[in-house]
Structures are given as C-alpha cells and as structure tokens.
C-alpha cells in the first residue's frame with residue numbers, strides 16, 4: 001500500500017515566554033526564560049511558568065466563566081493554528097476535521113476550585129456549579145475547541161502523561177492515513193499551574209525546583225539542578241495529507257517522518273533508560289533512518305537529578321559514536337515543564353531550525369553534570385550548524401509511557 005505522507009501546515013502556541021512561534025523562537029535564541037513566582041493555594045509561593053496570551057481574542061467573557069483554562073488554551077492555540085495554516089476554514093467540511101489534543105491531567109483545577117467555593121458555605125452542595133461535569137470530563141479541552149470552531153468531526157483528548165503532546169500529533173497522523181479525517185488539529189495543552197495538587201504532589205517528592213532567580217530555576221543537566229518547574233502552555237498544529245496541502249498551495253513546516261510509543265512497565269515514576277532507548281531506536285527505524293541521520297534531538301529532561309541522567313544514558317546508547325552531526329538541546333530550561341503541552345511546544349520551538357539551521361541551546365547550565373554529558377550538547381549559546389534535515393523529539397511520562405517523534409524537512 002502506498003505510504004501516505006503527512007505534513008505540518010499550521011501552528012498556534014502559547015508558552016510562558018511567548019504567544020506566537022516568532023516570539024517563542026526569538027526568546028529561545030536569545031536565552032529568555034519565562035518563569036515567575038506564583039502564590040499557590042495551601043502551598044504558598046512557588047515558581048511556575050505562566051502564559052500571558054489574550055483569552056478574549058477568540059472567546060467572550062461568559063465563555064471563559066463557563067469553560068476551563070485548558071479549554072481556553074486549546075481554543076487560542078487551535079484558532080491560531082487554523083489562521084496560520086491559511087486554509088479556508090469557513091468553507092471546510094467540518095465533519096472531516098478532527099481535533100486530537102494530548103493532556104496530562106484534566107479536571108483537577110475545576111474540582112479543587114469548586115470544593116474551595118462550597119467550603120465558604122459549609123460544604124452545602126446546592127452551591128456546587130452545574131457546569132462541573134462538562135468542565136471536568138476528560139475530553140473537555142478538545143470539546144471546547146470543537147464548540148468554538150464549529151468542528152463536527154471527532155474531537156477528543158489523549159491521556160499520555162508528559163508524552164501527551166507527541167501522542168496528539170502521532171494519533172492525528174494515523175487518523176489522516178486511515179482516511180478518518182482530511183484536516184487535523186493536534187498537539188498538547190496543560191493548565192497544571194492552576195491546581196495546588198500538582199505542586200503539593202511534587203513537593204512531597206522533593207521534586208520542585210528552587211532558585212533565588214526564577215529564570216534560572218529550570219536547569220536540566222546542571223550539577224545544581226534540584227527539580228521541576230511546573231508550567232502551563234499549549235501548542236497545536238494542523239496536519240494534512242501532502243496531496244491536500246499541495247492542492248491548496250499551503251506552506252509546509254515539515255513532514256511527519258516516524259514515531260514510536262512504548263511503556264516501561266517497571267515503576268510509577270522512575271524512568272527506564274533501556275525502554276527509552278528502545279523507543280528512540282524504533283522511531284528512527286520507523287522513519288527509515290539511522291541515528292546518524294538525526295540532526296537535532298530535543299531532550300525531555302525535566303531538571304530532576306535522576307531523570308536527566310537516565311535519559312542521557314539512553315541517548316548515549318543510541319547515538320554514541322558515529323553521529324557527528326547530531327546535536328542535543330532542551331526547551332524546559334526556558335519554560336519549565338508544561339506537562340501535556342511539553343512535547344508539542346518543544347517540537348514547535350525547533351521547527352524553525354529547518355530554515356535558519358540554528359540549534360537553540362539548553363540554558364542555565366553553569367556546571368555540566370558529568371553523568372549528563374552528551375556529544376554535541378548545545379549549552380547556553382545557540383549553535384549554527386551546517387544542516388538540519390531531521391528533528392527527533394523525546395517525551396516521556398509517569399507510569400512509564402515513552403514517545404519519540406521525528407519530523408523531517410519537507411522535500412517534494
């Protein structure tokens with residue numbers, strides 16, 4: 001059967017350090033982070049990555065009151081992606097549009113807020129919001145986007161912990177190849193900073209980052225790294241079959257080349273480098289490439305002491321010797337861990353390298369941990385390279401889910 005080529009034709013995002021690809025990329029190259037202090041109910045002041053997009057650009061105030069933060073992020077990113085794609089969306093058959101959004105968790109924010117609200121009325125449930133159920137169902141972010149855009153095709157979320165952003169794109173590519181839809185809006189979103197539970201949970205694990213300067217708190221690979229910065233964000237892409245994109249003269253950011261998803265089946269939280277390495281190898285094989293053909297590897301590294309080491313161990317086993325043109329970087333050093341949006345944002349930040357051939361660095365590395373040493377690890381300053389034809393994006397998550405997604409430069 002003929003292999004159906006899938007391409008990226010649009011992109012919309014909001015990150016703690018930018019609300020468009022141009023702004024996001026400029027800040028990645030300039031070393032501008034987006035972490036700030038935030039007061040979290042019951043937990044106190046914490047460091048967080050906060051997005052500052054304009055929610056009223058595509059929603060009314062009433063819709064914001066009724067809906068959710070994750071839904072609002074999804075709407076903003078989806079609308080921006082559709083506009084960026086240049087498609088005549090008003091004329092599109094909305095039955096043939098699919099929305100596939102990766103999400104780490106959903107509903108905690110609304111549940112916590114509603115319990116807090118009724119606590120002011122002696123927990124009398126007559127004050128419980130009648131919007132609770134649509135706010136907290138797992139398909140909410142994609143559902144809110146479908147309502148806003150008038151999409152009548154499939155719209156649902158994919159729960160894949162911190163691998164969810166990659167899974168959104170992978171699933172969309174599969175649905176396009178199956179002929180289930182003709183146009184897909186996909187990626188990942190997260191509203192994590194608005195729930196105290198995630199901060200309390202990581203705090204109980206001694207896994208929350210601390211630093212006198214918020215912008216330096218997220219520091220993957222640094223010897224002094226001490227934990228995760230919890231962040232919100234979103235990045236959604238439009239995917240199309242190549243022939244459809246070319247028929248309408250769409251610009252093309254890149255082509256989905258390969259991917260793989262597997263599971264550790266070994267621990268709730270601790271990563272398994274053997275299974276991570278297997279995931280990366282199988283993604284490369286699926287793309288009909290070799291490790292030496294990969295030019296940028298965006299690492300998942302979250303700035304936890306053990307997690308960063310385990311990933312680097314996995315990457316050394318895959319790329320080791322004979323990959324002189326493979327460069328490694330990390331985006332969480334700028335924006336913290338955007339959970340379900342992490343992989344999608346990290347891919348987005350690297351896509352412009354197909355044009356400018358610049359590898360954005362990992363910032364905040366004052367002293368590289370020897371256990372995190374990788375050949376061609378780009379630190380603190382951008383690296384101009386000879387060619388960027390392939391980008392591999394690593395995203396791993398709790399309960400042992402691993403994903404690797406490869407995008408390549410589009411050539412006719």
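Read-outs throughout are calculated quantities, based only on the coordinates presented, and are distinct from any laboratory measurement. Computed from a predicted model, the values in this text were never measured in an experiment. Positions of Cβ are generated from backbone atoms using ideal geometry, with glycine treated the same way; all protein chains shown enter the neighbour counts.
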Please report the orientation-averaged projected area of the range 1-150, defined via the convex hull of its C-alpha atoms, in nm². 12.7 nm²
Using only C-alpha atoms and all pairs of different ones, pull out the Kirkwood radius for the range 156-311 in Å with one decimal. 18.0 Å
Protection proxy ranking of 145-156, 257-268 - average other beta-carbon atoms within 10 Å, highest first: 145-156, 257-268
Could you work out [θ]222 nm for the chain from helices alone, using -39500 (n - 2.57) per DSSP H run of at least four and dividing by all its residues? Round to the nearest 500 deg cm²/dmol. -9500 deg cm²/dmol
How high is the FRET efficiency from residue 94 to residue 174, r the C-beta distance, R0 25 Å, rounded to 0.05? 0.75
Can you give me the P(r) profile for the range 189-277? Cα pairs, bins 5 angstrom wide beginning at 0, each as a whole percent. 3, 9, 12, 13, 16, 16, 11, 9, 7, 4, 1
Return an integer: the convex hull volume of the alpha-carbon atoms of the chain, in Å³ per residue. 133 Å³
Cα-based Rg then Dmax for the range 6-247, in Å, read 18.7, 61
Given 4 °C and 1.567 mPa s, compute D for the range 60-108 with the Stokes-Einstein relation, Rh being the Kirkwood radius over Cα pairs; round to the nearest whole µm²/s. 102 µm²/s
Give, in nm to one decimal, the length gained when the segment between residue 267 and residue 223 is fully stretched (0.36 nm per residue of separation minus the Cα-Cα distance). 13.3 nm
So what does the Cα-only Debye profile of the range 258-408 read at q = 0.16 Å⁻¹, as log10 I(q)/I(0), no solvent term? -0.80
Multiply the residue gap between residue 274 and residue 115 by 0.36 nm, knock off their C-alpha separation, and tell me the result in nm, one decimal place. 53.0 nm
Can you list, bin by bin at 10 Å, the percent of alpha carbon pairs in the range 126-169, starting at 0? 25, 42, 26, 6, 0
If I take R0 = 51 Å and measure r between the Cβ atoms of residue 321 and residue 42 in this structure, what FRET efficiency does the formula 1/(1 + (r/R0)^6) give, to the nearest 0.05? 0.50
Quick one: check the C-alpha center-to-center distance for the range 1-80 versus the range 306-371, whole angstrom. 20 Å
What is the pair-distance distribution P(r) of the range 342-384, computed from all Cα-Cα distances in 10 Å bins starting at 0, with each bin given as a whole percent? 24, 49, 26, 1
Normalised by the number of residues in the chain, what is the relative contact order in percent for Cα pairs under 8 Å and 6+ residues apart? 23 percent
